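Structure incoming, see below.
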Amino acid sequence: MVEAQWVSERRGLERFRTEQPTYSILNRGIEREVLPVAERYGMGTIVWSPLAQGLLTGRVRRGQQTDLRRASVFSHLSDERRIDAVEQFIPIAEEAGITLTHMAMAFAISHPGVTSAIAGPRTMGHLDDLLAGAETVLDGEVLDRIDEVVPPGTDVGQLDMAYDPPAIERANLRRRPAGERSAA
């Protein structure tokens, strides 16, 4: 992002104006660098998957059958660490008098670096629920409790449909050849 801004400036080109990363209560890694950089350069941040691909709807629970058809296909929907966090979020939402869905959406837009959140309702009922929670605002106590479960700037378990670039997937791109690994 920074390099794109610099190149645009050096070449007198239009700057990039938005970034579209995944962001949720479970996927907070962008708080470390992406959101601060976007704020620094005046970029909008349109986050996607604030409900963690359905995990933050409460429809995936420990020891219960889920009606999410894709739960058997996507491993992030059965990641034990993520389910543990969801189980901790449910009472936080209940004590705040809101649904988990409303808490998750309100969390995503509470960060000053987030311009808007993209929700992908599959049914009119899902859309109606999201619209009913549009005015939800989380107080500092609820946000602090969320931070206790998933600390700022961290991700829990496997990311939602995360892309692993070649530099992560291919060892030869992240390791020097054996003969060049010595510090001497």
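GNM, the chain, Cα, under 10 Å: largest mean-square fluctuation among 128, 147, 155?
Maximum fluctuation in the GNM of the chain, among the listed residues, is at 128.
Against the longest principal axis of the chain, how steep is helix 2-11, in degrees 0 to 90 to the nearest 10, with axes from Cα atoms?
60 degrees
Count charges around residue 181 for me, please; just the other residues with Cβ under 14 Å from its Cβ, Lys/Arg as +1, Asp/Glu as -1.
Values: positive: 174, 175, 176; negative: 180.
Net charge around residue 181: +2.
Follow-up. Among 116, 49, 24, determine the one that fluctuates most according to a GNM of the chain built with springs between C-alpha atoms less than 10 Å apart.
For the chain, modelled as a Gaussian network with Cα springs under 10 Å, the answer is 116.
What is the fewest-to-most order of 41, 23 by other Cβ atoms lying within 10 Å of their Cβ? Write down the numbers at each step before the final one.
Working: 41 18, 23 29.
In increasing order of surrounding Cβ atoms, one gets 41, 23.
Using a Förster radius of 45 Å, what is the FRET efficiency between residue 17 and residue 184 based on their Cβ-Cβ separation? Nearest 0.05, please. Walk me through the intermediate numbers first.
Details: r = 47 Å, r/R0 = 1.05.
Efficiency, rounded to the nearest 0.05: 0.45.
Let me ask something else about it. Taking Cα pairs under 8 Å and at least six residues apart, what relative contact order does the chain come out at, in percent? Write down the numbers at each step before the final one.
On the way: 231 pairs, mean separation 48.4, N = 184.
After rounding, I find 26 percent.
Choose one answer from 105, 124, 43: the residue with the largest mean-square fluctuation in a GNM of the chain with alpha-carbon springs under 10 Å.
124
Shifting gears a bit: Please report the spacing between the Cα centers of the stretch 122-144 and the stretch 21-48 in Å, no decimals.
20 Å
Still on this model: Per the helix-only calculation at 222 nm, which mean residue ellipticity applies to the chain, given -39500 (n - 2.57) for every DSSP H run of n ≥ 4 and division by its residues, nearest 500 deg cm²/dmol? Walk me through the intermediate numbers first.
Working: 8 runs with 72 residues, N = 184.
That calculation yields -11000 deg cm²/dmol at 222 nm.
I'd like the Kirkwood hydrodynamic radius of the stretch 95-184, using the inverse of the mean 1/r over distinct C-alpha pairs, in Å. Write down the numbers at each step before the final one.
Working: mean 1/r = 0.0594 Å⁻¹.
Hydrodynamic radius (Kirkwood, Cα only) of the stretch 95-184 equals 16.8 Å.
Provide the FRET efficiency to the nearest 0.05 for the residue 175-residue 118 pair, computing r from the beta carbons and using R0 = 41 Å. Could you put the intermediate results ahead of the total?
Values: r = 37 Å, r/R0 = 0.90.
About 0.65, to the nearest 0.05.
All of the numbers you see were taken from the coordinates with simple rules; none came from a lab. What you are looking at is a predicted structure, and each value in this text was computed from that prediction instead of being measured. Ideal geometry is used to build each Cβ from the backbone, glycine not excepted, and the neighbour counts take in all protein chains shown.
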